[in-house]
Amino acid sequence: LRPLAEADITRLAELGADPEVARWWPGLTREHLLAKARGEGEEADVVCFAIVGDGEVAGMIPHHEETDEEYRHAGIDLFLGEPHHDRGLGTDAVRTMARHLVRDLGHHRVTIDPAAENARAVRAYEKAGFRRVGVMRRYWRGPDGVWRDGVLLDLLAEEVG
């Protein structure tokens, strides 16, 4: 993982245009990704890292932090381009980011919330040590306009390997 750079945007937009990525991450346009890279607008509280595999940008992993002391924790998300699926890169990226959030930034809990239908993602996050908390019904609207369920998973600091 490395901090997201503007030079990564073109490749990430290409990866995001793939139907296998776009079904879970609609709207990964250059403009949206530039806002993420620059921390602008709705993305001001999001910190993004590029996922690099075999020397090339393979995807992106953003994180956000809840700073209210009563609820303080971090949340992450990620996408990998289809050529990088099923190679353990997602599990490794999630595990690495969770360690960073716990050890370097002092969070006691990290969450992730994939689509319930995205079995590949859920499996990768569970391999990284995340545990299912529950199903969030009609949690996100898919590109087809239909509300879909999400799975909330979390990882506590003492569970980080």
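The values are calculated or read from the model by the stated rules, or taken from the named source; none is laboratory data. As the structure is a computational prediction, the values presented were derived from the model and not from experiment. Backbone-built Cβ (ideal geometry, glycine too); neighbour counts: all protein chains shown. SASA here: full protein model, heavy atoms, side chains in, ligands and nucleic acids out. Shrake-Rupley method; radii C 1.70, N 1.55, O 1.52, S 1.80 Å.
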Notebook entry, point to check: Taking 0.36 nm per residue of separation and subtracting the Cα-Cα distance, what length does fully extending A7 through E56 add?
Noted result: 16.5 nm
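What is the Cα radius of gyration of segment 8-86 over 2.2 N^0.38 Å, N being its residue count? Could the numbers behind the result be given before it?
Working: Rg = 13.3 Å, N = 79, 2.2 N^0.38 = 11.6 Å.
With N residues counted in segment 8-86, Rg over 2.2 N^0.38 Å equals 1.15.
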Check: Of the heavy-atom accessible surface of segment 37-86 (probe 1.4 angstrom), what whole percent is carbon and sulfur?
Finding: 40
Next item on the list: With +1 on each Lys and Arg Cβ and -1 on each Asp and Glu Cβ, and nothing else charged, work out how big the dipole of the chain is about its Cα centre, in Debye to the nearest 20.
Entry: 440
Checklist line | Extension gain from A157 to E82, taking 0.36 nm per residue of separation minus the Cα-Cα distance | finding: 24.0 nm
Checklist line | Dipole magnitude (debye, nearest 20) for segment 1-95, charges at Cβ of Lys, Arg, Asp, Glu | finding: 320
Next item on the list: Specify the residue with the greatest mean-square fluctuation among G39, G145, G53, computed from a Gaussian network of the chain linking alpha-carbon atoms under 10 Å apart.
Entry: G145
Item checked: Accessible area of segment 57-161 divided out per residue, in Å², using a probe of 1.4 angstrom -> 53
Checklist line | GluC sites (Glu not before Pro) within segment 52-161: DSSP coil, no more than 10 neighbouring Cβ in 10 Å | finding: E69, E70
Next item on the list: Using only the Cα atoms of segment 47-143, each taken as one equal point scatterer with no solvent, compute I(q) by the Debye sum, divide by I(0), and report log10 of the ratio at q = 0.15 Å⁻¹.
Entry: -0.62
